[in-house]
Amino acid sequence: MRQALGQLFLDLLSALTFVLLFALTGHLYMATAGAISVAVVQAALAIARKRAIAPMQWLALGLAIGLGFLTLVTGDSRFVRIKPSIAHVAVGAVMLKRGWLTPYLPPLAREWLPERTQIGWGYAWAALMFAMAAANLAAAQYLSVGAWGALVTGLFVGKLVFGGLQYAVLRTIVVHKMRAAGAALPPSGP
């Protein structure tokens, strides 16, 4: 779980940087420049360390640079509110790749979970991203900026809840399969 949350945090770091800087300063350009900088530094560090960059990391970099550039060019708050929908659709599209979730699972889960379960949860995440994109788009069009901000926060919490649900379900499956096979559970569990 720690590994998956750590990876999720790193994947979202540029977006979180934007939100934090914008909340603290109210300055759109500073927040955008900060998000782009974080994404570029993350990619540069991975390349310097000769680490493979996962498709989600390339996507985060592309979105930070592309959407950040468009934010700087337009300076339009409506575009800023629509950006999460664009990002959710892009992430959802990447999540439609069969097996994308598997590298994010701990080795024990990869070993004991059926492939169809790993793939199914990957598609469930894709569906969630598309649903969140639609919800954000509607909120961006019809809600005040404050109400939209509350919804975006709720969507983030929703991702955490979905991740927690996934963890609980997958852990239960792994423990059940290991017990059925007579395998010893590790001291801290899967």
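Throughout, read-outs are computed from the coordinates displayed, never taken from laboratory work. Treat the numbers as computed from the prediction; the structure is a model and nothing was measured. So basically every Cβ, Gly included, is an ideal-geometry build from the backbone, and we count neighbours across all protein chains shown.
Observations on the model:
- Across the range 2-180, the mean sequence separation of Cα contacts (distance under 8 Å, 6 or more residues apart), normalised by length, yields a relative contact order of 19 percent.
- Here the 3J(HN,Hα) profile of the range 58-64, calculated from phi with Karplus coefficients 6.51, -1.76 and 1.60 at θ = phi - 60°, is 4, 4, 4, 5, x, 5, 4 Hz, Gly and Pro shown as x.
- Note on Ala52 and Ala131: with the Förster distance fixed at 25 Å, the Cβ-Cβ geometry gives a FRET efficiency of about 0.25.
- Packing-based ranking, highest mean first, of 156-166, 176-186 given that Cβ atoms within 10 Å are counted: 156-166, 176-186
- Full extension of the segment from Ala138 to Met30, taken as 0.36 nm per residue of separation minus the current Cα-Cα distance, would add 36.2 nm.
- FRET E, pair Ala147, Thr74, Förster distance 35 Å, beta-carbon r, rounded to 0.05: 0.95
- Highest mean packing comes first when the peptides 78-84, 105-111 are listed by Cβ atoms within 10 Å, giving 78-84, 105-111.
- Computed 3J(HN,Hα) for the range 103-110, one whole-Hz value per residue from the Karplus formula 6.51 cos²θ - 1.76 cosθ + 1.60 where θ = phi - 60°, is x, 7, 7, x, x, 4, 5, 4, glycine and proline marked x.
- Residue (of Met129, Ala150, Met178) at the positive-pole extreme of the chain, dipole from beta-carbon charges: Met178
- Both radii were evaluated on the Cα set of the range 98-142; the Rg over Rh quotient, with Rh as the Kirkwood radius, amounts to 1.21.
- Listed peptides 12-18, 65-71 appear in the order 12-18, 65-71 once ranked by packing, highest mean of other Cβ atoms within 10 Å at the front.
- Whole-angstrom gap from the range 47-88 to the range 108-171, using each part's C-alpha centre: 19 Å
- Taking the helices alone, the chain has a mean residue ellipticity at 222 nm of -28500 deg cm²/dmol, built from -39,500 (n - 2.57) per DSSP H run of at least 4 residues and averaged over all its residues.
- Table column - 3J(HN,Hα) (Hz), the range 34-51, Karplus curve with 6.51, -1.76, 1.60, x for Gly and Pro: x, 5, 5, 4, 4, 4, 5, 4, 4, 5, 4, 5, 5, 5, 4, 8, 6, 9
- Label-to-label distance, nm, for residues given as Tyr123 and His176 (7 Å Cα→Cβ offset): 1.9 nm
- Scaled against 2.2 N^0.38 Å for its residue count N, the alpha carbon radius of gyration of the chain is 1.13.
- Cross-link partners for Lys177 among the lysines, with Cα-Cα distance under 30 Å and sequence neighbours closer than 8 places in the same chain left out: Lys97, Lys159.
- Distance between the pseudo-spin-label points of Leu108 and Ala184 (7 Å out from Cα toward the beta carbon): 1.3 nm.
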